[in-house]
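The next block holds one structure in the form of structure tokens; read it before the comments.
The values are calculated or read from the model by the stated rules, or taken from the named source; none is laboratory data. Quick caveat: nothing in here was measured; it's all calculated off a predicted structure. Every residue, glycine as well, gets a Cβ built from its backbone with ideal geometry; the counts of neighbours run over all protein chains shown.
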Amino acid sequence: MKRFAALRTLTRLGAVLGAAAIAGAQSSPATMKAVRIHEHGDVSVLRYEDAPIPELGPADLLVRVHAAGVNPVDWKFRTGAFRMPGAAFPATLGFDVSGVIERVGPQVTKFKPGDEVYAYLNLQKGGGYAQFAAVAESEAALKPRSIDHIHAGATPLAALTAWQALIDTAGLRADQTVLIHAAAGGVGHFAVQIAKAKGARVVATASERNHAFLKDLGADVVVDYRTQRFEDFAKNVDVVLDAVGGDTQARSYAVLKPGGILVSIVQPPNQARLDEHNIRGAVILVKPAGSQLVLIAEMIDAGQIKPHVSATFPLEQAADAQRAVETGSTRGKIVLTVP
Ligand SMILES: NC(=O)c1ccc[n+]([C@@H]2O[C@H](COP(=O)([O-])OP(=O)(O)OC[C@H]3O[C@@H](n4cnc5c(N)ncnc54)[C@H](OP(=O)(O)O)[C@@H]3O)[C@@H](O)[C@H]2O)c1
């Protein structure tokens, strides 16, 4: 009798636990914490608040975000300096995520729930400063195995920008020299490492406090742009990566050899100046590319690229993180950690 009673109790317990497990598997929470803006403005417009879990398209992944990289475009969008066509309020900020797939849409073929992925979300969509993000399958790649979510979350937008500028646009080769401006920043520190991995010679600009950092990353020559003229160190270069613009861009035409190329990520080069020096120029806007993130993950796992994170902030302190990025003096990247 006693044995049957114990069995009945166990069976009932099992049924209750089973039901709970199934309910847990089926019911994602309806809301999540996110950092959103309801209008453009200074950091006071950032609201850490409840928001609906993003809806999934058929080819989307629902990613439980562990870390979200902070980029200058985040605060530029917050202030309205960078306008995103189609963006509607309230808008969840953030374009970089690393996390674990919770659910997938019916057309997804490359990923499954439980996969660890990293992604740069389309600039029209955003939504990385949140507990969950909807990520198009084409934007994502498996997270590099050798690094944690914080370093993976630091990587996508900045590394893709460096890749698309140096490889896709400039076609950088091993026998070439590249001048990289703002080399210690988010884009710059990836650019130095990608250029070195391709075998190119790198001249990098940064303030003196970042010189040892850049030497460690492999830069061949480091110029203190505050006290030295980069023209004295970079002559007849094949490629300039301009992440500064203004006077820095204006002075960069003259250091390129005929046929060389100036790729800017901040402002279009002046066609008359390009013609005058018989050089080429381009301005690019980074595009999501899961396939390139696969290649970048391989380089990270091979030890060729190391994302550098100089600070992390919890999601609810996104305002502090953006203030830090807005100073324009970040070494590597700043990342939000997501509960
Ligand atoms: N077009 C695109 O698709 C695209 C994509 C990504 C970024 N961007 C833009 O590109 C720019 C750079 O982005 P990021 O993420 O690399 O920014 P970031 O991480 O904030 O860059 C900070 C770095 O810039 C350096 N710096 C500032 N002024 C400099 C100067 N005059 N010369 C040399 N270095 C200087 C600082 O070095 P020191 O502290 O040593 O001075 C710092 O390490 C931003 O304006 C961003 O909005 C555009």
> Do we have any residue at all in region 172-185 that's part of a helix (DSSP H, G or I), within 24 Å of Val70 (Cα to Cα) and not polar (S, T, N, Q)?
Replying inline: no
> Which residues, counting only those in region 313-332, are within 9 Å of the ligand (Cβ to nearest atom), among the charged types (D, E, K, R) and within 19 Å of Gly41 (Cα to Cα)?
Replying inline: Glu326
> Which of the residues spanning region 186-208 are assigned to a helix (DSSP H, G or I), in contact (Cβ under 8 Å) with a residue 24 or more places away in the chain and within 9 Å of the ligand (Cβ to nearest atom)?
Replying inline: Gly186, Val187, Gly188, His189, Phe190, Ala191
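Residues are listed down the side, and each one gets a yes or a no for (1) at pLDDT 95 or above; (2) more than 22 Å from Met84 (Cβ to Cβ); (3) within 16 Å of the ligand (Cβ to nearest atom):
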position	(1), (2), (3)
Tyr120	yes, no, yes
Ala136	yes, no, no
Ala152	yes, yes, no
Thr177	yes, yes, no
>> I need the full set of residues from region 297-312 which are more than 21 Å from Ala68 (Cβ to Cβ) and either in contact with a Pro (Cβ under 7 Å, 6 or more places away or on another chain) or within 16 Å of the ligand (Cβ to nearest atom) (or both), in order please.
In response: Asp301
> Could you list, in sequence order, the residues of region 90-127 that are aromatic (Phe, Trp, Tyr) and either out of contact with any Ser or Thr (no Cβ under 6 Å at 6 or more places or on another chain) or more than 16 Å from Ala67 (Cβ to Cβ) (or both)?
Replying inline: Phe95, Phe111, Tyr120
> Among the residues of region 215-253, how many are near the ligand (Cβ under 10 Å from one of its atoms) and among the acidic types (Asp, Glu)?
Replying inline: 3
> For region 233-339, which strands (runs of 3 or more DSSP E) that fit wholly inside it have 3 or more residues that are out of contact with any Lys or Arg (no Cβ under 9 Å at 6 or more places or on another chain) and in contact (Cβ under 8 Å) with a residue 60 or more places away in the chain?
Replying inline: 237-242, 333-337
>> For region 273-293, give me each residue that is among the small types (Gly, Ala, Ser) and closer than 27 Å to Ala81 by Cα.
In response: Gly281, Ala282, Ala289
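Can you tell me which residue among Val294, Val335, Val283 is surrounded by fewer than 18 Cβ atoms within 10 Å (Cβ to Cβ) and within 16 Å of the ligand (Cβ to nearest atom)?
Values: Val294 fails: within 16 Å of the ligand (Cβ to nearest atom); Val335 fails: surrounded by fewer than 18 Cβ atoms within 10 Å (Cβ to Cβ).
Only one candidate qualifies: Val283.
Here's the yes/no breakdown for (1) small (Gly, Ala, Ser); (2) surrounded by fewer than 23 Cβ atoms within 10 Å (Cβ to Cβ):
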site: Lys198; (1), (2): no, yes
site: Val202; (1), (2): no, no
site: His211; (1), (2): no, yes
site: Asp216; (1), (2): no, yes
site: Tyr225; (1), (2): no, yes
site: Arg229; (1), (2): no, yes
site: Asn236; (1), (2): no, yes
site: Ala243; (1), (2): yes, no
